[in-house]
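Trainee: Here's a structure for you.
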Amino acid sequence: MAPAVGADQEVEGARQWVDQLDRRCRRPDVTRGGLRLAWRVIGQGSKVILLHGGHGSWLHWARNLEALAQHHEVHVPDLPGYGGSDTSASLDFDELLEVMHAGVTQQFDEREPLALVGFSFGGLVAAHLAARRKGHTCLALLGPAGHGGPRRPKGRLQPWREAAQKGDQAGLSAIMRHNLLTHMLHSDRKLDALALHIHSQSCRQTRFFSKTISHAGGLAGVLSRCTGPLLLLLGVHDVTADPSWVTKTLCDAKPDLEHRTFLSCGHWAQYEAAQAVNACLHDWLSRSMPPGEIQRPGPCGTIARL
């Protein structure tokens, strides 16, 4: 259990926890298109790639890596312009997709079975990558961007860069807490020191801004070109989407799309409802990857009550 927000030792404990997780990962960093991608790998088994969201990094999956690594070889790159990966002055969405496609091609044979799991902006990236692969490719989307439908904002996000530049740690923490509860998390009980550390660090390392791309739509059209199993996971309180609208729209594009809605959580469902999301991903992967690829865990319900 991650420590609660408050005491300095709890914040330091979150940093140490992240450092320990990082040390457990292998680091086969790749360079494509002149950009170095920070690429982490943990576990053994069938191949799964986790792609983070905008203003994020590999740590968007901090509460999922070890659970998924029990059955899978889990790859968690930082997208170009995020985390520890490089960026360029000319980086746009098309170039980002090309760099990521080249990185995936370097790591995996084109016809090797692969699962792509994308969160928010990373869901849109994952869909584009899945549509280009020839081999068996499973695609899971968590609160995906690009749906083009209504959003349900709870309030305005507060600017944080001035506080960061001034070294105002108390002010920065207060802003990050506000932004987490406004955009990422539903319950303040899930806003612990680890979530605050992850969000603060990831925001400060973000150099590619995906908001316009995420709002532009196009996801349904990309999914129509995907041929493998598809899964959609949404938090019922996700402020970036109306779950009913997104589910109907994407199911109209792909009638075989499986979908789950999690109660009591918001956009960052894989953090706020980690245990339930991990169980659903295990179950779906056990049914979607080729036989013999992974061990089969327990079942996953349509609605996860937390």
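Trainee: Contact order normalised by length for the chain, with contacts defined as Cα pairs under 8 Å and 6 or more residues apart; what percent is it?
Mentor: So the answer I get is 20 percent.
Trainee: Ok, one more. Given a 1.4 Å probe and the protein chains all in place, what does the accessible area of residue 90 round to, in Å² to the nearest 10?
Mentor: 80
Trainee: Report relative contact order for the stretch 120-165 in percent, whole number only (criteria: Cα-Cα under 8 Å, sequence separation at least 6).
Mentor: 42
Trainee: Which of the chymotrypsin sites (Phe, Trp or Tyr not before Pro) found in the stretch 125-217 are loop residues per DSSP with 14 or fewer other Cβ atoms within 10 Å of their Cβ?
Mentor: When the chymotrypsin sites (Phe, Trp or Tyr not before Pro) of the stretch 125-217 are filtered for loop state and at most 14 Cβ neighbours within 10 Å, 209 remain.
Trainee: Related question: Modelled label-to-label distance, residue 211 and residue 98, 7 Å Cα→beta-carbon offset: nm?
Mentor: In this crude label model, residue 211 to residue 98 measures out at 2.7 nm.
Trainee: Ok, one more. What is the sum of charges around residue 41, taking Lys and Arg as +1, Asp and Glu as -1, for the other residues whose C-beta is under 14 Å from the C-beta of residue 41?
Mentor: +1
Trainee: Take the alpha carbon atoms of the stretch 113-169, find their radius of gyration, then divide it by 2.2 N^0.38 Å using N residues; give the quotient.
Mentor: Dividing the Cα radius of gyration by 2.2 N^0.38 Å gives 1.68.
Trainee: Follow-up. Separation of the stretch 19-72 and the stretch 248-291 by C-alpha centroid, Å?
Mentor: Taking the Cα centre of the stretch 248-291 as reference, the centre of the stretch 19-72 is 19 Å away.
Trainee: Continuing with the same structure: Starting from the Cα of residue 134, draw a straight line to each of the aspartates and glutamates and keep only those under 13 Å, dropping any in the same chain fewer than 8 residues away.
Mentor: In chain and number order, the partners are 109, 110, 112.
Trainee: Residue separation times 0.36 nm, minus the C-alpha to C-alpha distance between residue 256 and residue 151: what's the value?
Mentor: 35.3 nm
Trainee: Give the calculated FRET efficiency between residue 225 and residue 170 to the nearest 0.05, with a Förster radius of 35 Å applied to their Cβ-Cβ distance.
Mentor: The value I calculate is 0.10.
Trainee: For the chain, set up a GNM with springs between Cα atoms under 10 Å and report which of 246, 74, 18 has the largest fluctuation.
Mentor: Most flexible of the set in this elastic network: 18.
Trainee: Further question on the same structure: Which residues in the stretch 30-55 have a backbone N closer than 13 Å to a point placed 7 Å from the Cα of residue 22 along the Cα-to-Cβ line?
Mentor: 38-40
Trainee: Another one. Using mean Cβ contacts within 10 Å as the protection proxy, how do 265-273, 105-113 order, highest first?
Mentor: Top to bottom by mean Cβ count within 10 Å: 265-273, 105-113.
The values are calculated or read from the model by the stated rules, or taken from the named source; none is laboratory data. As the structure is a prediction and not an experimental result, all values here were calculated from the model. Every residue, glycine as well, gets a Cβ built from its backbone with ideal geometry; the counts of neighbours run over all protein chains shown. Accessible surface is based on the protein model in full, side chains and every heavy atom, while ligands, DNA and RNA are left aside. Shrake-Rupley method; radii C 1.70, N 1.55, O 1.52, S 1.80 Å.
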